[in-house]
Each structure stands twice: as structure tokens, then as C-alpha cells.
Amino acid sequence: MTILDKSAQLTRKDRGRHADRLFWALCVSAGFAVLVILALILITMVKQAYPAFSADFFTSSTWIPNDPDGDGPGKPVYGTLAFLYGTLVVSAIAVIVAVPVSVGIALFLTELAPRRIRTAIVTLIDLLAAVPSVVFGLWGILVVAPALGPVYTWLHDVLGGIPVLGSLFGEPRSSGRTFMTAGLILAIMIVPIITSIAREVFATVPDSDKQAAWALGATRWEMIKGAVLPHSFGGVVGAVILGLGRAMGETIAVALVIGSSVQITANLFESGYALPAIIVDQWGESTGVFTSALIGMGVVLFVITVLVNLVARFVVRRAEIRMRGAAA
Amino acid sequence: MNRTVLSRRVLAGVAIAALALAGCSSKGDTTTDPSASADASGLASLSGELKASGASFPNTYYQEVILSLKDAAPNFKVTYNSIGSGAGKKEYGSGLVDFAGTDSTVKDTDGVAAGSYLYIPTVAAPITVSYNLKGVDKLQLSPVTLAKIFQREIKTWNAPEIVADNPGVTLPATAISVAHRSDGSGTTNNFTKYLAAAAADAWKLGSGDTVAWPADTQAGAKNTGVAQLIKAADGGIGYVDLSDAKDSGLAFAAIKNKDGQYVLPTLEGATAALAGAEVKDDLTFNPLNAAGAATYPITAPTYLLVKPKYGDPKKAELVKAFVKYVLTDGKAIAAEVNYAVLPTELQAKALAQLDKVS
């Protein structure tokens, strides 16, 4: 009897239609909310940053936020290139260091590790992701930077004479607060992100593919190269992009260890600056156009993140097409 | 079994906390007792809440004053949020706070309407030039030498300019490593203002909350970050406020003042600078590079911004009561936390300014 009642309810026509409509409206508004919020952020930021947008803002690496000669002819200059450069260099170091490590850890966890070790390592890596960035920053200035100083000196002595490497590994800053230190700290911070996503992706590789590789007499490495990596390329690139996004936006840890020097130099052992770091450092005492310039740097960061994501999508699509072609 | 151990520990913890609290409150009592008696009855009856924000430079002092006020007026709650002078002025301008602390005077671009504020000077503090140099425990610097050091025109400690300032002292050939603030700061503003005033010909970076420091200098966050950088490198030099320099155990240089005397940063030197400074009608003054033989020349003032007219008479009464407490009873606390009090004459002017609030 009750069962009949229920089924009658379910099949009642307009009720189902209303629920369906409601559900549709909810989902669509949730989806659009994201776009609207993003658009509003961009609009308000551009509006507030507008007074600072000038040719200098995008093309100069000179940053003179004060008026050096009072009423004289000198004016404040808000050039952001040095910060942009710092952000890109530091993120690049982080990704270059973190990607092989993370992919290695993920492969180890999915293909090699015994079950018991696997859970322990996964827990540890997840813990690493939960450490607040300010802790990484403090660890960076108190422990890592002083410890890396001598290492940089050694690297400089060994590699300093070689043409390209020599300019990358130049005379190191004694305090150890450098592009390299910031990049390494960031690498540690993004390893858990890339690892956990890459692990999930590797786990989706069909067993049949792997078995097929084994059956053809592949070694473990050949199996990974032939079956696991091609299947998961897109996912791994996605993981790297997420990590890169985190690295570019990271504020406090970078602000603490990068050394806060406004300069563009190929020397990775020199102090530099990054976009989020300068915003957090100088926001409190800024006024007028200075504030606008800081907001403008936020816009620049926003745009770069979007661009990086678009490029990554493009790369993934190209690669996937090529691989599917090879498979067919 | 486990549970009893735990509860015993909790008990012990509570006991320690209670002791600590008792210690604090009794300490507060002793500091306020002698001066508070005159006004105690008036304060104790006050009740309400005030919100303020602004300069971080006088923050330690304001927090101590607020803590001691809690004993005198238990129902009167004041919060001071140290978010920086610039941000404090913004909040004041948009009406988020009842009063604001600032190290710098109000400019057109600060978002505070003209006529909507009065300056009340509260305390001052010397900014030290701290250094870390093995084997040198006494250092004298003239403003021009200082300017050249911070502009990286002098790069070793035995440069002729430094030697000339320090007759009879053997200086090592150690490289100088300059530390400055990475965050925008009133301390940087006052330090660079001083250099611009005292070494006008040599100093080219101008003044401001942040200036374009040479690329081969180091930056640390807040006073403690700069102090840490100085400590970390033999040959380090930087500007740090007195209390942080003392806490970090740094050595500081004696600076040549306008009268040609080398003076160490002390609270007496700072008060002498205030007495030597010319006070304008709105009570702003510039104690940097002030005259007087005992003056420590790098002395930074700080002000509270209060509204000349509060809409609510009760709020006006509270603001007046708090600021008066800062200027009178708070004086006893200032020295403990390394701030210099106003000279008597200026204090009287500040109290008179406060009477305009309604």
C-alpha cells in the first residue's frame, strides 16, 4: 500500500517538473556565480588600478614609490617588470624542481611501493600540504637561507667560469635570501599538490594497458613509459598547472625569503622581488597612485594566471590529439 | 588513571595561569597607582568601547597603556590595531575607527578630509643606527657618512669617511652589508627624512615610507626582521627602533647632531630633540635633526588623529578620556617600553588641543 503511494508521488507529473526546474536553476546560477565573481573582481581591480596604468607600469623596471626630490622635477615611478620577472623566475625554479620529484613520488606510490608504506607516505605528503605558508617562510629565513649560503658559494666557485651557467650561478648573496631559495621553498610547497593529483591520474590507467605492456615483455620502466605516462599526460600537466598557480600566487613565504631587492638579473643567487610579495609588503603604507600601482600588480598577476592556464590547456589538447593519433 | 593525571596537569596549568594573571595585574596596579589617584574616580565610571588603528611604531606603548587602563576603568574597552599609518588614515577617513595613530602628517591623497582631524602628539622614540662589526663596540657616524653608507657609496668599514668620524678606533676592512625595511614603514620615512634634512647634498633617494634602495642592499620585514639581518652578517648595519634594537642585543652608533656632538640613542636624547624642535600651530613638529647639544637627531614623533567633532557626545567623552590618559598617566609606562615622553610644554599644548574635541 505504502509502496504504491510512493510511486504515485514519484510519477506525479508537475511535481517532478518543478523539482527539475529548481535543480536546473540552482546549478546554472552556481555555475554563473563563479564567472560573475571573477568578472566583478577584474572590473573593480582594473578600475582602482587605472590611475597607475601608464607606459612605465608595463615597460619599466624602475620602482621609486616615493617622490625623491620633494617639489622637484622627479616623480614617483611605478615600473613592475622587476616584480613580474621575479615571479616568473621563482615559479619556474619551483616547477622545474618539483615536477620530477612529484611525478617520481607518484609513480613510486602507484607502481612500486608496498601497500603499507604507501599509506604512510600519502599521509605524510598530505601533512606537508597542510603546513601554513608562513611556517615555510620562517623556516626559509631562519634555517634554509643561512644553510644554502655556503652551497651557493660552492656552486658559484665550481660553475662560475662556464658561459651560460656562470651567469645563472653568479656571485651569491651572503644572506642566502635569493631567487633560488624562494624557488626551492616554493618547490617544497607545491610537491604535495602535484603528487596527489598525479597519483590519482596514474591510478586511472587501465590495468589492461599495463598487462598488455607486460605481455609484450616490457620492463617496468618500459611499461611506465609506454602505458602509464601517455595515458596520464593531460592529467599530469593539469597537476603541474595547479602547482604553478600556487607558486605564482604564494605571498608570505616568498616575501620572507626572496630578499626584497628590485632588480632584474640572470643571477639566481641574487635577491629579487615578486608581485605578491611587494603587494603584501607595501600595501599598509601606500596611498593614492601608489595604492593603484599595487592593485595594478594584482591585475597583472590575475592576467598571467589566466594566460598560463590557457596555454596549458592548449598544450594538453595538442598532446592528447597526437597521442591518440599514435594509439590509433 | 590517565584521567587523574590529566586533570592534575590541567589543575597545575590553571594554577600557573592564575599566578601569571595575578602577577600581571599587580604589576599594572603599581605602575598606575601613583598617578591614577587624581583621576581614578572619573575613569572608573566610564563605560563604552573605542576602536582605533594605525601606526605600528607606537603600538607597544599604546597596548601597554590600554592594558593599564583596563585596571583603572574596567568597563572602558579600547582596541588599537597596528596596521600601519597609511592604512590607519584610510580607515579613519572612511569612518571605520574612532581615532587613528599616524607617524606622518596627513596628505591630500590619504583619504582624510581637511578639517576632520586634530593632531595630538603622544610619544617619540629614537631610531637607532644599529650595526654588527666584530671588535668594534663604539662607533660614531656623521650624517653624510651615514647617507653614503646607505646609498652604497661606502662599501667597507675602513673607508676614509668612517675612519675620519672615529679617531683612534681601528676599523676592519669588512664589507658593509646594509639592511632596510621591506615593508612600507614610518620608521623608513623618518630615517630617510632625517638623511634628507641632515645630509641634503649627499642623500639622493629622497624620503618616504619606502624608497628606491640600491639593489645590493638587504630587506627584512618589520624592525625585528631588520635586526635579524644585522645580527646575521658581520659588517651589517641598519636602522631599527630603540626597543627592538635593545631586545635584539644590537650595538648602536652615536650620531653627530646639528650642534656637532656625537650622541647615542637614548630616551633623554629623544626628549631633548622634542624640546629642540619647532612646534607648528597644528601641533605637528619635526624633531628630526633638531638643535641642542644633548639631542639625538634621529627621533621620530607619532600622533593620534582625533575628530574635532564627534556626533555622539559620549564618544567624544571617551576619546578625550583615553587620550588624556595616554598623555598623563601613560607617561609612567613609556620609559619601560623605550618610548620618550613629551616635554612638559608640549604636553600642555597637546592637552589644550584635546579640549577642542567635542
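The values are calculated or read from the model by the stated rules, or taken from the named source; none is laboratory data. For clarity, every value in this text was computed on a predicted model and none was experimentally measured. Because the Cβ atoms are built from the backbone with ideal geometry, glycine has one as well, and the counts that use them run over all protein chains shown. The area values use the complete protein model at the heavy-atom level, side chains included, leaving out ligands, DNA and RNA. Shrake-Rupley method; radii C 1.70, N 1.55, O 1.52, S 1.80 Å.
Tabulated values for the structure
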| read-out | value |
| --- | --- |
| Cβ neighbours within 10 Å from other chains - mean over A:284-297 | 5 |
| Beta bridges per DSSP with both ends in the protein assembly as shown, % antiparallel, nearest 5 | 60 |
| Shielding score for B:230-236, defined as the mean number of other chain Cβ atoms within 10 Å | 2 |
| Per-pair calculated FRET efficiency, R0 = 51 Å: residue B:152 and residue A:209 via Cβ, rounded to 0.05 | 0.25 |
| Loop-located trypsin sites (Lys or Arg not before Pro) in the stretch A:12-101 whose Cβ has at most 16 other Cβ within 10 Å (DSSP) | A:12 |
| Accessible carbon and sulfur surface of the protein assembly as shown relative to its total accessible area, %, 1.4 Å | 63 |
| Per-selection Kirkwood Rh - the stretch B:126-275 (Cα, Å, 1 d.p.) | 15.2 |
| Within 10 Å of each Cβ in B:211-223, the average number of Cβ atoms from other chains | 6 |
| Rg in Å to one decimal, and Dmax rounded to a whole Å, for the stretch A:98-226 via C-alpha atoms | 19.4, 56 |
| Fluctuation leader among A:183, A:74, A:226 - chain A, Gaussian network, Cα springs under 10 angstrom | A:74 |
| Candidates B:323, B:123, B:341: whichever shows maximal mean-square fluctuation once chain B is modelled as a Gaussian network with Cα springs under 10 Å | B:323 |
| Three-way shape call for the stretch B:59-155 based on the alpha-carbon gyration tensor, with the a/c threshold at 1.5 | oblate |
| Kirkwood Rh, Cα atoms: Rg over Rh of the stretch A:75-327 | 1.03 |
| Unsatisfied cross-links (Cα-Cα over 22 Å) in the set B:138/B:256; B:193/B:222; B:204/B:246; B:51/B:280 | B:204/B:246; B:51/B:280 |
| Cα centroid separation - the stretch B:57-76 against the stretch B:324-356, whole Å | 14 |
| Cβ charges +1 (Lys, Arg) and -1 (Asp, Glu), total dipole of chain B, debye | 760 |
| Chain B - Rg over Rh from alpha carbon coordinates, Kirkwood radius | 1.02 |
| Mean shadow area of the protein assembly as shown, taken as a quarter of the surface of its Cα convex hull (nm²) | 46.5 |
| Chains B and A, summed buried accessible surface - 1.4 Å probe, Å², nearest 100 | 2000 |
| Fluctuation leader among B:257, B:132, B:75 - chain B, Gaussian network, Cα springs under 10 angstrom | B:75 |
| D_trans [Stokes-Einstein, Kirkwood Rh over alpha-carbon pairs] for the stretch A:176-269, 4 °C, 1.567 mPa s, µm² s⁻¹ | 83 |
| Charge sum, other residues only, whose C-beta stays under 10 Å from residue B:355's C-beta, Lys/Arg counted +1 and Asp/Glu -1 | +3 |
| Alpha-carbon centroids, the stretch B:192-230 and the stretch A:90-168: separation in whole Å | 34 |
| Chymotrypsin sites (Phe, Trp or Tyr not before Pro) restricted to the stretch B:69-119 and DSSP loop, no more than 14 other C-beta within 10 Å | none |
| B:180, A:156, A:18, A:231, reordered so the largest accessible area comes first (probe 1.4 Å) | A:18, A:231, A:156, B:180 |
| Highest-first arrangement of A:191-197, A:95-101, where packing means the average Cβ count within 10 Å | A:191-197, A:95-101 |
